[in-house]
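These notes are about the structure you will find just below.
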Amino acid sequence: MIRVYNTMNKKIEELVPLKPNEISMYVCGPTVYNYIHIGNARPAIFFDTVRRYFEYRGYKVTYVQNFTDVDDKMIARANQEGVSLKEIAHKYINAYFEDTKKVNLKEEGMIRPRATEHIGDMIRIIQSLIDGGYAYEVNGDVYFEVEKDKDDYGCLSGQNIENLKAGARIEVNDIKRSPVDFALWKKAKEGEPSWDSPWGKGRPGWHIECSAMSSKYLGDTFDIHGGGQDLIFPHHENEIAQSRCSSHGEYARYWMHNGYINVNGEKMSKSLGNFFLLREVLEHYEGRVIRFFVLSAHYRKPIDFSDAELTQSKAGLERIDNAVLRIKEKLSEKSSEDGDDLKGLASYLEETKEKFIAAMDEDFNTAQGIGAIFELVKEVNKYADTEKVSEEGMKNLAAAETYIRYIMEEVLGVLLKNDENIGNLTSELVEFILELRREARAEKNWALSDKIRDRLGEMGIKIKDGKDKTTWSL
Ligand SMILES: [Zn+2]
């Protein structure tokens, strides 16, 4: 039985999916006006792990994460770079995939809709809200009238309409009926990208896009809605209001929110200027170390981002790498008839399997799950020293290796060092040596260029100089 902390009810409860053995989940994705920062990477990594874990437990998962490719920041960035909105989106969506590939997000089977491809779906929901008396149009803008949803508004965030009204800034020339009403559709300003609608040219508000894209791919009611804690209010609260008033049914059934990332004890934020781009961090740490770092803490707790923490994650991950390599070494030895069966390891492995599932079933406690793997690694190191190991013992060692690798790579998505990684390193080194040879040739240093070719040849690496490229083979 999997249990999750549901932000809606503020408690951990049993997760009962709409359809047995199937999970539908929607997670708010990034606004693609810049490279993603480590704060965007946390939900991407965590919810990818949630998906993987459900699959490990036998569920079929439909996972949707959107790209917000139209909003004020996008338009400002397009103007600043002197290109179209489309070009900005294209550039930063590509960059997103480039960066997140390195933290091993599972793209296979994922649905990644873009807001601008669903404007028609948004217009339909907005129209149904106007028809139902929940929204109104003023001069080409359309607003959701929060007062019309007063029985339910605030259910997720605990906000109260009267307090919100008291705290709201009233803008001069405000055309809204109440300061707490929010935009569903914004009339186009001069020079802005816009779409035709029953209320004239304009573009959608931010909240409506997630309501439209989640219902399009998952239906009006679905299992899990996720995102960072900073999205609880107003974004998710407004999504709920729009969706429920439009469909007259339940929206997401479980709301999961990940905690903040702190830098030196302060919340990481753009306004404080203390944020790090994922690609900057990737220059110093491998993607797998960053992913392991994110999963080493409970997802609802804040995590401290620092070199010390990342270095610690790196060391921890290497302990797991080394244990797996030690098993491999041992497995290459011959078993002996009077050797040890390593029964202790076999029973510890069974215990670990149960501990890992217990930790993850209880609100995706990756920290505790990883703790169970570390305990197993300790045992492995103990048994890997056994001098004589029987055939049975070898099987038990192999089972431990297979399990550790499977949990780390497939379930947690954290790749371990293995022979293929070393293979990658070799090819990178050869490429690097060829680059140096190209430089030597450019400087007409033929002696050095030939020396490199000959030495590589002695190592069994054949190189072939083509018209504009040198290729190599083993
Ligand atoms: Zn959203």
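At-a-glance table
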{"read-out": "Estimated distance in nm for a label pair at Ala166 and Ala399, the labels positioned 7 Å out from Cα along Cα-to-Cβ", "value": "6.4 nm"}
{"read-out": "Of His37, Val50, Ser194, farthest towards positive along the dipole that unit charges on Lys, Arg, Asp, Glu beta carbons give the chain", "value": "Ser194"}
{"read-out": "Charge dipole (debye, nearest 20) of region 421-473; +1 at Cβ of Lys and Arg, -1 at Cβ of Asp and Glu", "value": "200 debye"}
{"read-out": "Dipole moment magnitude, nearest 20 debye, region 288-411 about Cα centre, only Lys, Arg, Asp, Glu C-beta charged", "value": "400 debye"}
{"read-out": "Distance violations [Cα-Cα > 23 Å] among Lys301/Lys378; Lys355/Lys378; Lys102/Lys467; Lys73/Lys148; Lys106/Lys395", "value": "Lys301/Lys378; Lys102/Lys467; Lys73/Lys148; Lys106/Lys395"}
{"read-out": "R0 of 56 Å, Cβ-Cβ distance Asp174-Asp338: FRET efficiency to nearest 0.05", "value": "0.05"}
{"read-out": "Debye log10 I(q)/I(0) for the chain, one point scatterer per Cα, at q = 0.06, 0.12 Å⁻¹", "value": "-0.37, -1.12"}
{"read-out": "Estimated dipole of the chain in Debye, rounded to 20 [Cβ of Lys and Arg +1, of Asp and Glu -1, Cα centre]", "value": "860 debye"}
{"read-out": "Proximal aspartates and glutamates to Lys462, defined as alpha-carbon separation beneath 13 angstrom and excluding residues fewer than eight positions away on the same chain", "value": "Glu431, Asp450, Asp454"}
{"read-out": "Rounded accessible area per residue of region 131-258, 1.4 Å, Å²", "value": "44 Å²"}
{"read-out": "Region 421-473, relative contact order [Cα under 8 Å, separation at least 6], %", "value": "19 percent"}
{"read-out": "Accessible area of Lys382 in the full protein assembly, 1.4 Å probe (Å², nearest 10)", "value": "130 Å²"}
{"read-out": "Region 1-77-region 165-243 distance, computed between alpha-carbon centres (Å)", "value": "19 Å"}
{"read-out": "Accessible area of Ser247 in the full protein assembly, 1.4 Å probe (Å², nearest 10)", "value": "40 Å²"}
{"read-out": "Proximal lysines to Lys469, defined as alpha-carbon separation beneath 20 angstrom and excluding residues fewer than eight positions away on the same chain", "value": "Lys444, Lys451"}
{"read-out": "Prolate/oblate/rounded label for region 129-239 (Cα gyration tensor, a/c 1.5)", "value": "oblate"}
{"read-out": "Set Lys343/Lys382; Lys19/Lys60; Lys201/Lys270 screened for pairs whose C-alpha atoms are more than 20 Å apart", "value": "Lys201/Lys270"}
{"read-out": "Expected 222 nm ellipticity per residue - DSSP helices of 4 or more, -39500 (n - 2.57), all of the chain, to 500", "value": "-15000 deg cm²/dmol"}
{"read-out": "Within the accessible area of the chain (1.4 Å probe), percent carbon and sulfur", "value": "48 percent"}
{"read-out": "Order of exposure, largest accessible area first, which applies to Val83, Val61 with probe 1.4 Å", "value": "Val83, Val61"}
{"read-out": "Probe 1.4 Å, protein heavy atoms only - accessible area per residue of region 1-95 in square angstrom", "value": "40 Å²"}
{"read-out": "Cα-only radius of gyration and Dmax that characterise region 3-258, units Å", "value": "18.3, 56"}
{"read-out": "Spatially proximal aspartates and glutamates relative to Lys189 (Cα-Cα < 12 Å; intrachain offsets below 8 disregarded)", "value": "Asp72, Asp141"}
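The values are calculated or read from the model by the stated rules, or taken from the named source; none is laboratory data. Worth saying up front: this structure is predicted, and the values here are computed from it rather than measured. Methodologically, a virtual Cβ is constructed for each residue, glycine included, from the backbone with ideal geometry; neighbour enumeration extends over all protein chains shown. Accessible surface is based on the protein model in full, side chains and every heavy atom, while ligands, DNA and RNA are left aside. Shrake-Rupley method; radii C 1.70, N 1.55, O 1.52, S 1.80 Å.
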